[in-house]
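Beneath this line is the structure, given in structure tokens, with notes to follow.
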Amino acid sequence: MNTTIRWTTWCLYALAAFQLLIAVLLILDWDDTVTSFAGESFAPTRDAAEGAAVGSLGIHVLLAIFYTVVAARLPAGRRGTRVRATILLSLTVVGGLVTLFAIADETPLNPVGIVLAAATLVLLWLPAQSRAHFARVPATTL
């Protein structure tokens, strides 16, 4: 595995750990999170805020799982894994920016995830080593 792919893989694992950290922080600060969500346009009532917090928790856990799976499969050099990683990272950047502007006070760590996802996208596509890694046709396994 070349250096660029190794760094890309580690960035994906770091994003998985970051998503789990956010999920844990969300659980530990549940009441304050729900209170801060209440009254926002996406959660006008306390019940809606509770639902938004549950949804947020679920998304962070799912993202952690997806990042782990993609990171584990990336070294094989399959183009489909690269496409899946690109979609996942792009959604993270866009979703992170939307969240940052929607509830900036409740998401102080959000820029960390956005920058890490954007850096991983760059590592995935720009370096020649990365392009060469995905240009080869990997051996099939039975």
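Each reported figure results from applying straightforward, stated rules to the coordinates on display, with no laboratory input. Computed from a predicted structure; not experimentally measured. Methodologically, a virtual Cβ is constructed for each residue, glycine included, from the backbone with ideal geometry; neighbour enumeration extends over all protein chains shown.
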Q: With runs of 4+ DSSP H residues as the only contributors, calculate the mean residue ellipticity of the chain at 222 nm using -39,500 (n - 2.57) per run, divided by the residue total and rounded to the nearest 500.
A: -26500 deg cm²/dmol
Q. Roughly how many Å is it from the Cα centre of segment 1-54 to that of segment 70-123, as a whole number?
A. 13
Q | Estimated vicinal HN-Hα couplings, Hz - segment 65-82 in sequence order (Karplus 6.51, -1.76, 1.60; Gly, Pro = x) | A | 5, 4, 4, 5, 5, 5, 4, 5, 8, 4, x, 5, x, 6, 5, x, 5, 5
Q.
Can you give the FRET efficiency to the nearest 0.05 for Thr45 and Val83, using r as the Cβ-Cβ distance and R₀ = 30 Å?
A. 0.15
(Q) Of Ala23, Ala135, Ala64, which is farthest towards the positive pole of the chain's charge dipole, taken about the Cα centre with +1 and -1 on the beta-carbons of Lys, Arg and Asp, Glu respectively? (A) Ala135
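Determine the dipole magnitude for segment 1-113: charges of +1 sit on the beta-carbon of Lys and Arg, -1 on that of Asp and Glu, nothing else is charged, the reference point is the Cα centre, and the result goes in debye to the nearest 20.
Values: 7 positive and 8 negative charges, 230 e Å.
That gives a dipole near 1100 debye.
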